[in-house]
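Taking it in order: structure first as structure tokens, then the write-up.
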Amino acid sequence: MSADRKTLKRTAREAMRATKPAPMLTALVFLAISLLLAVLGMSLDGSLAAYRTMVENAMSGGPVQYVAPVARGGLFTSLLTLALELMSAVVSVGFILYAMRVWRRMDASVGNLFDGFGIFFRAVWIQLLPALLVSLWTMVYLVPVTALMLMTGQTWWTFVGLPLLIPAIRAWYSYRLAPYIMLDRQDMTCWQCVSMSRRLMQGHKWEMFVLELSFLGWQLLAAVIPLAGLVLMAWVIAYLQVTLAGYYEAVAGVGQAEVIPPLDVPPAV
């Protein structure tokens with residue numbers, strides 16, 4: 001079954017208008033949490049200090065060069081950084097759940113962002129498993145390109161070899177529906193959800209790529225508008241996620257009239 005892009009986006013906008021509070025507000029909270037967790041993680045692993053040093057060098061007219069991050073705190077810092085990354089992954093699953101509820105015209109609120117903590121390990125694994133599989137496909141690019149760079153001493157192989165990333169990109173889109181399936185089908189393991197996503201996405205990868213690409217104009221506009229751009233970006237993120245929830249239902253053949261809550265979680269706050 002193919003999903004009509006215009007119909008999906010129109011229905012997503014209608015669902016967003018019918019949701020109170022506005023999905024844009026929930027997206028703003030999601031962005032704030034994600035940014036806070038990212039900044040804390042970068043502070044712990046030294047990335048933030050390295051970035052600040054590079055910016056200061058550039059602003060002072062000095063050479064702009066890569067500064068290697070220097071992590072401090074040893075094992076405890078590494079574990080804390082990992083914990084922050086896992087929290088970010090779980091909140092991302094919560095945002096997907098929120099978008100599914102908006103699309104299905106169910107009660108939805110900011111509290112859904114934290115519902116993923118009720119299934120913490122499944123929420124983490126459904127994010128980690130596809131990432132691991134995609135990373136294996138990136139070896140198709142990394143192994144030959146690295147070997148050629150070492151043999152020739154030429155860095156332009158990194159650009160020449162870019163077509164070799166196509167299998168990894170295809171794999172990434174193959175597994176995109178796994179979190180949605182996991183939230184709908186608690187009787188399935190994460191591996192089964194990933195396998196089902198791969199089957200459902202056969203013949204739909206390009207379609208989904210074009211759907212996401214259709215939001216690029218809004219994203220670029222939000223990036224260049226000062227201050228108000230953050231609000232616009234929140235709206236675009238909510239718009240995109242609700243549309244993707246609809247796309248999942250279109251591809252999976254889930255009827256809106258027959259759906260049940262996608263996850264047995266505490267009521268939305």
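Computed from the coordinates by the stated procedures, all read-outs in this text should not be read as laboratory data. Nothing here was measured: the structure is a model prediction, and the numbers come from that model. So basically every Cβ, Gly included, is an ideal-geometry build from the backbone, and we count neighbours across all protein chains shown.
So which lysines pass the test for Lys20, namely a Cα distance under 24 Å, with those fewer than 8 places away in the same chain ruled out?
Those lysines meeting the cut-off are Lys6, Lys9.
Quick one: Leu177, Leu129, Leu213, fewest Cβ neighbours within 10 Å first, how do they rank?
Leu213, Leu129, Leu177
Within 10 Å, count the other beta carbons around each residue, average over each peptide in 107-118, 240-251, and list them highest first.
240-251, 107-118
With charges set only on the Cβ (+1 for Lys and Arg, -1 for Asp and Glu), what does the dipole of the range 5-256 come to about its Cα centre, in debye to the nearest 20? Mind showing how you got there, number by number?
Values: 19 positive and 11 negative charges, 141 e Å.
Rounded to the nearest 20 debye, it is 680 debye.
In nm², what is the average projected area of the convex hull enclosing the Cα atoms of the range 5-256?
The directionally averaged projection comes out at 16.5 nm².
Relative contact order, percent, of the range 5-256 when contacts are C-alpha pairs under 8 Å separated by at least 6 residues?
Relative contact order, the range 5-256: 24 percent.
Suppose every Lys and Arg Cβ carries +1 and every Asp and Glu Cβ carries -1, with no other charges. What dipole size does the range 131-241 come out with about its Cα centre, to the nearest 20 debye? Walk me through the numbers before you get to the answer.
On the way: 6 positive and 4 negative charges, 39 e Å.
Around 180 debye, computed over the range 131-241.
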